[in-house]
Structure formats: structure tokens, C-alpha cells
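The values are calculated or read from the model by the stated rules, or taken from the named source; none is laboratory data. All values reported here derive from a predicted model rather than from experimental measurement. Reconstructed Cβ throughout: ideal geometry from the backbone, glycine too, with neighbour counts over all protein chains shown. Keep in mind that these areas ignore ligands, DNA and RNA; they rest on the heavy atoms of the full protein, side chains included. Shrake-Rupley method; radii C 1.70, N 1.55, O 1.52, S 1.80 Å.
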Amino acid sequence: MMNMLNQSIQAAIFDLDGVIVDTAKYHYLAWKRLAAEFNIKLTHEDNEKLKGVSRMDSLDIILAMGNVALSQQEKEKLADKKNAWFMEYVNQMSPNEILPGAKELLIALREKGIKISLGSSSKNAKTVLRLLNIEHLFDAIADGTMITKSKPDPEIFFIAADLLQTKPAHCVVFEDAEAGVDAALSAGMFCVGIGAPTSLYKAHQVVATLENFEFKLNAVQPA
Ligand code: B16
Ligand code: MG
């Protein structure tokens, strides 16, 4: 594994939902349930636009789909409701729900001396890592509680790089969301997209899963 690993990569930043664990499906279920209350039908395609996007920004996107205008207070209530449903699903999750190859890759990178941070827009990230019992595999955690702008803004990845005391050009980001790929590229980091090339085509490398992952760093170097 990783025999092509370029010396310039010193740190790895992992998105959480959809990269380490399949909580993306729980976000989708909870948003779909909330959207249905407004007779808004949330499709898989619509959901791609919500991945990596903060809770409030996601709610704004959904309400705009149905031309629904609400006060800030009403929106906060709805966001809390969605989060309560999301947490119900997440609390039933087991360590078996870690995505294929994710834990193995975290361990292999650590063995190579690569520093590791989480770079997630989720305010629930620490709880999820704790439930999965993999918190100890991270040197740093950058999550939704630390940012003012959500992906595609690069803020979360800059925070992660700072926590690891590594320059952006020496970081690789693993992402499953279009917004996350855009954020990584804006940060000047090498980006591996996990999922379908149709939506993640801007990433330097796209893989279906992290199983047996190998870098192809010779493709394009980060700026
Ligand atoms: P929360 P990631 C993102 O996490 C999810 O992809 C996105 O669907 C969610 O709205 C966002 O976190 C906020 O999550 O409501 O738990 O704070 O993909 O950046 O790890
Ligand atoms: Mg994600």
C-alpha cells in the first residue's frame, strides 16, 4: 500500500460523513423526513448538494426548494428536530458501520508517520468518532463547532492543517462531497474523492471506496 506515496505529503485530513462512516445516509433520511413535512420531495440528487454543507445552510437549501420562508427562530427549531432524528439513527450505529478500508488506511498512514486530522462540517463529529471507538487514531479534530463558513469554503481544512502544523501544500484531503472537493482544492491541497467520478471529477484522484487504497500522486500535484 502507498508505495507511490510522494514525500511531499505530510498530513492527511479526513472528512467524516461518507468517508469514514456512512452517516451520510442518516443525514439524508433525517432531512428527507423534515422536507416531507413541507411537501418537499428530497431526491438523492438534491442530497448531493447537502453533503459537507452545515446544518443551517442545508436547511436553507431545502426550504428554498419549496419556496418556504421562515423566521430564524422557526429554522432553529427545525434544525434541532432534524438533529434529534439524526442522533437517534447514529446512536444505534455500531463500529461495523465504519466504511470499507477507512480504519485500515488511518492505521497505515499513521505507521508511515503521516499526521492525521478530521476535517468535518459536523457538530456531532466527536460523538460519532467516540461511538465508533476510533478517536485515538486522530492527532487532531477540526469539526463544525470550529468554523464560521462551511464547505466549499476551505476554512475547515485550513484549521485542520494548522492543528497539525503542516502547510496546505503538504496535506491530502479525503472527501465524498462536491462541496468538500471544492474546499480542498481552494485550500491548495491534494484531494482524493471517494464516490462517483460524475460528481467528484474535480478531485485529483477518485476512488469508489478506500478499500486497498493507493495514492496516484503523480497525476496532478497540488499548487
Ligand atoms: P451536523 P462532513 C457534514 O459532515 C455532512 O456531510 C452534512 O450532510 C451535514 O449537514 C454537516 O456535516 C453538518 O452536520 O448537523 O451533524 O452538524 O461530511 O463534513 O463530515
Ligand atoms: Mg462527507
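Numbers at a glance
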read-out: The chain - Rg over Rh from alpha carbon coordinates, Kirkwood radius; value: 0.97
read-out: Ordering of 86-92, 199-205 by packing [mean C-beta count within 10 Å, highest first]; value: 199-205, 86-92
read-out: Volume of the Cα convex hull of the range 116-166, divided per residue and given in Å³; value: 61 Å³
read-out: Cα-Cα over 18 Å, subset of Lys41/Lys151; Lys51/Lys103; Lys25/Lys75; Lys115/Lys167; Lys41/Lys202; Lys25/Lys216; value: Lys41/Lys151; Lys51/Lys103; Lys25/Lys75; Lys41/Lys202; Lys25/Lys216
read-out: As computed over the range 58-104, the Cα convex hull volume per residue (Å³); value: 104 Å³
read-out: Surface share of carbon and sulfur [accessible, 1.4 angstrom probe, percent] for the chain; value: 50 percent
read-out: Leu70, Leu16, reordered so the largest accessible area comes first (probe 1.4 Å); value: Leu70, Leu16
read-out: Burial order of peptide ranges 112-123, 57-68, 184-195, 32-43 (average beta-carbon count within 10 Å, highest first); value: 184-195, 112-123, 57-68, 32-43
read-out: Against the rule of thumb 2.2 N^0.38 Å, how large the Cα Rg of the range 130-207 comes out; value: 1.09
read-out: Accessible surface, the chain, averaged per residue in Å² (probe 1.4 Å); value: 47 Å²
read-out: Inverse of mean 1/r across different Cα pairs in the range 24-90, Kirkwood, Å; value: 11.8 Å
read-out: Unit charges on C-beta of K, R, D, E only; dipole of the range 24-90, Debye; value: 160 debye
